[in-house]
Amino acid sequence: MTEIEESVLLDTLANYWGYRGFRPLQREAIAANLQGRDSVVVLPTGGGKSLCFQLPALVGPGGGVGLVVSPLISLMKDQVDGLVENGVSAAALNATITPTERRRIYADLDEGRCRLLYVTPERLVGEGGEAFRARLRTRGVRFAAVDEAHCISQWGHEFRPEYRQLARLRDDFPDAALHAFTATATRRVREDIIAQLALRDPEVLVGSFDRPNLVYRVRTRTGLKDQIRRVLDRHAGEAGIVYCLSRREVESIAEWLESRSHRALPYHAGLPDETRRRHQDAFLEERADIMVATVAFGMGIDRSNIRYVIHAGAPRSIEHYQQESGRAGRDGLEAECILLYSVADFARWRQMLEKSGELSKTARQLLTGMERYAGGARCRHRTLVEYFDQPYTRDTCDACDWCLKELERIDDALVLCQKILSTVARLGQRRGVGHVVDVLRGRTTDAVSKGGHQALSTFGLLSDVPIAELRGYLDQLTEQHLLLRTAGEYPVLQLTERGVAALKGQAAVELYRQPRPVPGQRARRPAPDPATWEGVDRGLFDALRQCRLEVARARGVPPYVVFHDNTLRDLARRRPTTAAELLHVYGIGARKAEDLGPIVLNVIRDHRGEPPDPG
Ligand code: ADP
């Protein structure tokens, strides 16, 4: 990209979006688009994928529209509302619009007034799609961006058959470049996207999967309600999601929260469509703070200020966990993701998958990955990033239970370690994790009786240690290369050289466990993130939040379409008093300043105790 183009891009970014610079890979993705080169862009949730196709539609050569294929009407609506608020001409064609609106959109297209057109895959390749595509062809399509492109892949977790037919885009618009966007991290999905969309020598841009603003914590489930209450205490009045493994649990937790005066609503596939829609809208429009849901709740959740995601049980893979927990903190501000799990969750998954015939080797491996994340004692950010085959280069993330030193160090780690290692040795190094745990906890299972293992001197030696904690120790010893888990269908535990040394007391060992909650002790509210709240006038922030809510209600859009939380924080930090100062605020471009500036400045004046501006 030449220097001139760069300055045009930056001006456009500042004018329309109110942002000062690009996020990682946005510049490269925009360059590929402007050069008319196919691309696959993989960025984590909140990484700023939309801008990669929205901005080129504004600055690219005239003539022709940018087509955006998006799977959900709610997602589309949010993006179009946001663009229009920023002064960009965009429209969405889907089954919910009126004939009058449709006519207006076509007229805008004919006269080259519409820069970006959002469509569902059904509209494009479903019934009547052919005529529609012919119509678009006569008007010219500059590029087509396929959002949530992992839906095209069977390996993805949200496969949608109609996405497969998007391959037709290539035939119908041979001159238009195709761009695929997803947050799904696996290579297999990426390759499938390239093959299915028949991309030509695409620019493949894969960002870092790390989400540094998310604080990850894992706790074994000891008393679910009490543990949820502790998290909510840290996030009074903020938005969050509680994911449960069953519909029944969703109902019971939602009822319990409502009874405690929280604005919580249930969401699962067993509720009528209409109820689900109502609950989702209430959450998006900030009439509800907490969504208690099964995994049915997810795609299309664009609310950017979700400050916590609680998992009341372990999901079936790290991919799922990353997707679901990743809905927190899209605005880049601090948010908390906490996993409350029990080893029974994994047994339950195995049973459920077996029953549905889905317990393949891959499914087992995915489940084991999740199990190791839960039981592991190392940096959670590192574990997640490395799981997706990326290097993690920081020594500490300062944003997980491990790096924040919330785990308790075991005083007599060597003795504990020796109890475990000697059991592995006594079992002939031929048994898996489950069996070793059973022997240490003194459980007389069939396999234990058959092997006569109740006669071992270590049988029942750790009967007072909870299963999850014990498994956590085994994982830690594996991590520290004292134990080795063999590959294959039935992995067994063996001692390494270091393990043998530790048995003789000749190796250093450290072991950690999750803190056990002290009954009756209330959770401490952590100090707000100093970087993101520094200098922010909290009273003014609340006043601006109220103002945002009123504007959103009056305009029939969700509040985060009006302003993101980071814009409100920046306003409450800088406290601008003039229109010119407003333009320095994060997320306020020329159009927003003109449109909402007077209202915002009045709130700030009012908060200072000054009279409103009569103009
Ligand atoms: P994704 O689709 O990748 O999950 P979005 O496109 O929704 O992410 O962007 C996430 C948030 O980041 C949005 O609020 C968006 O406006 C903001 N954003 C995008 N690009 C930038 C940028 N260059 N500077 C600041 N904020 C940005």
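Answer with yes or no whether C114 is open to solvent by less than 40 Å² (accessible area, probe 1.4 Å) and within 28 Å of the chain's Cα centre (by Cα). In short, no.
One line per residue, one yes/no per condition, for (1) surrounded by fewer than 17 Cβ atoms within 10 Å (Cβ to Cβ); (2) free of Cβ contacts under 8 Å to residues at least 12 places away in the same chain; (3) of a type in the set (G, A, S); (4) outside the structural domain of L43 (by TED's automatic domain parsing):
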| position | (1), (2), (3), (4) |
| --- | --- |
| T182 | no, no, no, no |
| T186 | no, no, no, no |
| E191 | yes, yes, no, no |
| Q196 | no, no, no, no |
| T220 | no, no, no, yes |
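Taking A107 as the residue in question, decide whether it is in contact (Cβ under 8 Å) with a residue 24 or more places away in the chain and not basic (K, R). Here the answer is no, as A107 does not meet what is asked. For segment 59-73, a residue qualifies if it is surrounded by fewer than 19 Cβ atoms within 10 Å (Cβ to Cβ) and either more than 24 Å from Y163 (Cα to Cα) or within 14 Å of the ligand (Cβ to nearest atom) (or both), and the qualifying residues are V59, G60, P61, G62, G63, L72. If you go through segment 403-413 one residue at a time, do you hit one that is under 28 Å from R443 (Cβ atoms), part of a helix (DSSP H, G or I) and open to solvent by less than 60 Å² (accessible area, probe 1.4 Å)? Yes - at least one qualifying residue is present in segment 403-413. Selection within segment 15-45: residues that are small (G, A, S) and within 10 Å of the ligand (Cβ to nearest atom). The member of this set that is least open to solvent (accessible area, probe 1.4 Å) is G18.
With respect to the conditions (1) more than 23 Å from S74 (Cα to Cα); (2) open to solvent by less than 40 Å² (accessible area, probe 1.4 Å), F143 lacks only one, and its number is (1).
Sort out which residues of segment 566-579 are out of contact with any His (no Cβ under 9 Å at 6 or more places or on another chain), open to solvent by 10 Å² or more (accessible area, probe 1.4 Å) and not aliphatic (A, V, I, L, M), and write them in order of number. N566, R573, T577, T578, listed by residue number.
Out of contact with any Cys (no Cβ under 6 Å at 6 or more places or on another chain), assigned to a loop (DSSP other than H, G, I, E, B) and aliphatic (A, V, I, L, M), is that true of L340? Criteria not met by L340. I'd like to know if segment 48-58 contains one or more residues that are surrounded by fewer than 24 Cβ atoms within 10 Å (Cβ to Cβ), closer than 23 Å to Y163 by Cα, near the ligand (Cβ under 10 Å from one of its atoms) and hydroxyl-bearing (S, T, Y). Checked against the condition, which is being surrounded by fewer than 24 Cβ atoms within 10 Å (Cβ to Cβ), closer than 23 Å to Y163 by Cα, near the ligand (Cβ under 10 Å from one of its atoms) and hydroxyl-bearing (S, T, Y), segment 48-58 yields at least one hit.
Is it the case that some residue within segment 246-265 is touching a Phe, Trp or Tyr at 6+ places or on another chain (Cβ under 7 Å), open to solvent by 10 Å² or more (accessible area, probe 1.4 Å) and at pLDDT 95 or above? For segment 246-265, residues touching a Phe, Trp or Tyr at 6+ places or on another chain (Cβ under 7 Å), open to solvent by 10 Å² or more (accessible area, probe 1.4 Å) and at pLDDT 95 or above: present. Among all positions in segment 480-500, there is at least one residue which is open to solvent by less than 50 Å² (accessible area, probe 1.4 Å), assigned to a loop (DSSP other than H, G, I, E, B), at pLDDT 90 or above and under 16 Å from V439 (Cβ atoms). Screening the candidates D302, D289, D281 for the property of being surrounded by fewer than 18 Cβ atoms within 10 Å (Cβ to Cβ) and of a type in the set (D, E, K, R) yields one hit, D281.
For residues that are outside any helix (DSSP H, G or I) and open to solvent by 30 Å² or more (accessible area, probe 1.4 Å), scanning just segment 315-331, find the one that is nearest to the ligand (Cβ to nearest atom). Can you show your working first?
Within segment 315-331, the subset outside any helix (DSSP H, G or I) is 315-317, 326-331.
Still in the list and also open to solvent by 30 Å² or more (accessible area, probe 1.4 Å): 316, 330.
Numbers: R316: 23, R330: 5 Å.
If we take residues in segment 315-331 being outside any helix (DSSP H, G or I) and open to solvent by 30 Å² or more (accessible area, probe 1.4 Å), then R330 is nearest to the ligand (Cβ to nearest atom).
S463 fulfils the conditions (1) touching a Cys at 6+ places or on another chain (Cβ under 8 Å); (2) open to solvent by 40 Å² or more (accessible area, probe 1.4 Å) except for a single criterion, (1).
Checked against (1) surrounded by fewer than 15 Cβ atoms within 10 Å (Cβ to Cβ); (2) assigned to a loop (DSSP other than H, G, I, E, B), T275 passes all but condition (2). Which one is nearest to the ligand (Cβ to nearest atom) among residues in segment 552-593 that are at pLDDT below 90 and in a loop (DSSP other than H, G, I, E, B)? Of everything passing the filter in segment 552-593, P558 is nearest to the ligand (Cβ to nearest atom). For segment 196-222, a tally of residues being of a type outside the set (D, E, K, R) and over 15 Å from the mean Cα position of the chain (by Cα) returns 11.
When we screen L359, L353, L367 for residues that are assigned by TED's automatic domain parsing to the domain that holds V292 and in a loop (DSSP other than H, G, I, E, B), the only hit is L359.
Of the residues contained in segment 77-86, one or more are found to be touching a strand residue (DSSP E or B) at 6+ places or on another chain (Cβ under 9 Å), within 16 Å of the ligand (Cβ to nearest atom) and modelled with pLDDT under 90. The set of residues from segment 144-169 being touching a Leu at 6+ places or on another chain (Cβ under 7 Å) and away from the ligand (no atom under 16 Å from the Cβ) comprises A144, I152, L166, A167, L169.
The values are calculated or read from the model by the stated rules, or taken from the named source; none is laboratory data. Everything numeric here is computed off the predicted structure, so don't read it as measured data. Every residue, glycine among them, receives a Cβ derived from its backbone with ideal geometry; neighbour counts consider all protein chains shown. Surface accessibility is based on the protein's heavy atoms, side chains included, excluding ligands, DNA and RNA. Shrake-Rupley method; radii C 1.70, N 1.55, O 1.52, S 1.80 Å.
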